[in-house]
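The structure under discussion appears below in the form of structure tokens.
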Amino acid sequence: MNHANSASPLTARRSGALRGRVRVPGDKSISQRSLILGAMAVGETRITGMLEGADVFSTANAMKALGAVVERTGDRAWRVRGVGVGGFAEPSGALDFGNSGTGCRLMMGAVAGCPITVTFDGDASLRTRPMRRILDPLELMGARTLEVRDGGRLPVVLRGARDPMPIEYEAPVPSAQLKSAVLLAGLAAPGATTVIEKEATRDHTEKMLKHFGATVRVTALGTHGRRITLDGQPELEAAPVVVPADPSSAAFPMIGALIVPGSEIVLEGVMLNPLRTGLYTTLREMGASIEMLDGRNEGGEEVADLRVKAGALKGVDVPPERAPTMIDEYPILAIAASFAEGVTRMRGLKELRVKESDRLEGTAAMLRVNGVEVEIEGDDLIVHGNGRAPGGGTVTTHMDHRIAMSALVMGLGSEQGVSVVAVAFIDTSFPGFAELMRLLGADYS
């Protein structure tokens, strides 16, 4: 039985040493963007290494509904025949993005530059997530929000601009999804569209826009910020995309290997984009043994194989400016902090409150139910580690795949094991998670 695809509880028990060499699924951010920009380009884009998870399937279906040809041609191999910038057709029904906040928000930007009306919807979890931050700049560019639920929530009916206008927009929060939505809308506008970030966020959209032929200029702004300018109305040309292994997914077997004594694993082809490596920086500060092997470039991104060995960890203070480079990794970092000696304080985690769940509260609850002392002060998460985690708890995920996987990693090193209720949502980002972990020696049942 494939537990990772079932609604049944899954229990992780104290494991022997994890050993082996594996490749985690393709990066979700790159997979989503390759579909979207392939659909906005002219010609046929071939994608290899695609993450074949629920979020990516939702985006692929949306591209089809908007008139692009999207086909799976083999194992993690896809092709997209695009319609060009501004060429999307009005779909016959609502676009259902399931649990994918990335797909939904980025596509709002892509649609905002087309004179069509589109309904955006998703599952119960996605319907709780705020969309107003995306809609506000798109309305400045000429799009109109015809319907939206209270609090700026889905379902949203958006009418794209017939004559989109370029804007200069200062992002009120550090959000790669917000930045990407504005840039994608700016493709259809004449002149230059600019996004100003006080704190730099992951730059996959900028890199991929260049890969497809757009002109994008990025300049430093202050200590941590950036100014990103896109020249509008390019003719994007189809380009092949190789999707590297997802660093956020790699974090789970990585931290499993760090906390289970005697473990040594190699994770193949992991993306090392500097705006995605905050977790690795933090783990090294904690004393983790992570060695980078065979550094190379794939699809415009830096990648390497990572050798990870178990060892003692110590508590650290994680600065708030690091949050954009590891925003998805805090739940699994909290597991490492539970097994470290001393206090780990993770600062400035406001953005975690508007993820698939209130991920800040969810992470704290996961630790508490398993006997770890933890507290929240404002937007900071404080974990009191003593080198061990009792375990023995049952974790409710609130449909959050990263909470589920983090708890299942915790159980491998805990004294009494950890159970997780409803693990089906793991497929959102990491199909085959339980099977891959078992290959390394994890005890899941």
For this session: Write out the trypsin sites (Lys or Arg not before Pro) in region 1-106 meeting two conditions: DSSP loop, and at most 15 other Cβ atoms within 10 Å of their Cβ.
Result: 14
Exercise. Quick one: which of 210/355; 179/207; 179/350 span more than 23 angstrom between C-alpha atoms?
Worked result: 210/355
Exercise. Normalised by the residues of region 315-445, what does the relative contact order come to in percent, with Cα pairs under 8 Å and at least six apart?
Worked result: 22
Problem set entry | Helix 359-368 vs. the chain, principal-axis angle (Cα, 0 to 90°, nearest 10) | 10
For this session: Would you mind checking the tilt of helix 54-65 against the longest principal axis of the Cα atoms of the chain, expressed as 0 to 90 degrees and rounded to 10?
Result: 10
Seminar exercise, completed: Scoring region 28-232 by relative contact order with C-alpha pairs under 8 Å, at least six apart, yields a percentage of 17
Seminar exercise, completed: Computed ³J(HN,Hα) along region 389-401: with the Karplus parameters 6.51/-1.76/1.60, θ = phi - 60°, integer Hz and x for glycine or proline, the list is 9, x, x, x, x, 10, 9, 8, 7, 6, 6, 10, 5
Problem set entry | Cα-centred dipole magnitude for region 24-155, charges only on beta-carbon of K, R (+1) and D, E (-1), debye, nearest 20 | 180
For this session: Compute the signed sum of charges (Lys and Arg +1, Asp and Glu -1) over the other residues within less than 15 Å, Cβ to Cβ, of residue 294.
Result: -2
Problem set entry | Calculated Kirkwood radius over Cα pairs in Å (choose from [x] 22.6; [y] 21.9; [z] 26.3), label | [y]
Exercise. If one takes the longest principal axis of the Cα atoms in the chain, at what angle in degrees, from 0 to 90 and to the nearest 10, does the Cα axis of helix 28-40 lie?
Worked result: 10
For this session: May I ask which residue of 43, 68, 135 lies farthest towards the positive end of the charge dipole of region 28-232, with charges of +1 (Lys, Arg) and -1 (Asp, Glu) on Cβ and the Cα centre as origin?
Result: 43
Seminar exercise, completed: So the FRET efficiency between residue 291 and residue 153, C-beta based with R0 = 56 Å and rounded to 0.05, is 0.80
Exercise. What is the Cα centroid distance between region 75-124 and region 416-445, reported in whole angstrom?
Worked result: 30
Problem set entry | Rounded to 5, percent antiparallel among DSSP beta bridges of the chain | 75
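Every number here is computed from the coordinates shown, using simple stated rules; none is lab data. No experiment lies behind these values; they were computed from the predicted model shown. In this analysis, Cβ positions are derived from the backbone assuming ideal geometry, glycine residues included, and neighbour counts consider all displayed protein chains.
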